[in-house]
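The values are calculated or read from the model by the stated rules, or taken from the named source; none is laboratory data. Bear in mind the structure is a predicted one, so any value in this text is a computation, not a measurement. Cβ: placed from backbone, ideal geometry, glycine included. Neighbour counts: every protein chain shown.
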Amino acid sequence: MNKKIPQKVRKLIAGKEWYHQRFDGSPLYLYFIAEAELAKEARKPTGTEADVRVSYFRDGKADWYLDLADIRRGSKIMIKLAAKDPKISTKLLNKWKKDEQRAQAFFDNFSKIKLKKLTDNELIRLALISTSLSYCVKKWGPPIRKAIL
């Protein structure tokens, strides 16, 4: 295992089976998804949050590794819920509608921002906005999980 990876992280990831995805176009978007996957939130079905996600960002790309045990656990829970209530996905998605609209508005307008023209203070403000959005997206678990499963 790579010695550059901190010991604490090496212990966390050792011996796990991983699913790998690469994001070439929008690696920062991956951050929001990972945050949402890890967050416990009252609107999420209990047990569907992930225990660990590993991401590497380099050369404008992001590699994301998902613990297959997390995926299997969450999938089993969602399948059981769907067996009891065939409309569970629609119900869960509706709980996040306002958050989804807020996140979509941010991403729709982000490409219009001229990052190179921003001052340090403006970049910090933008980072704070994105952090706030991250909280919003943390609550946005089911739409993101739908995209992954």
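Remarks
- Residue tally, condition of a type in the set (Val, Ile, Thr) and more than 17 Å from Trp96 (Cβ to Cβ), over region 35-67: 2
- Leu68 passes every criterion in (1) in contact (Cβ under 8 Å) with a residue 40 or more places away in the chain; (2) within 30 Å of Arg125 (Cβ to Cβ) apart from (2).
- Matching helices (runs of 4 or more DSSP H) fully within region 1-103 where at least 2 residues are at pLDDT below 85 and touching a Phe, Trp or Tyr at 6+ places or on another chain (Cβ under 6 Å): 27-38
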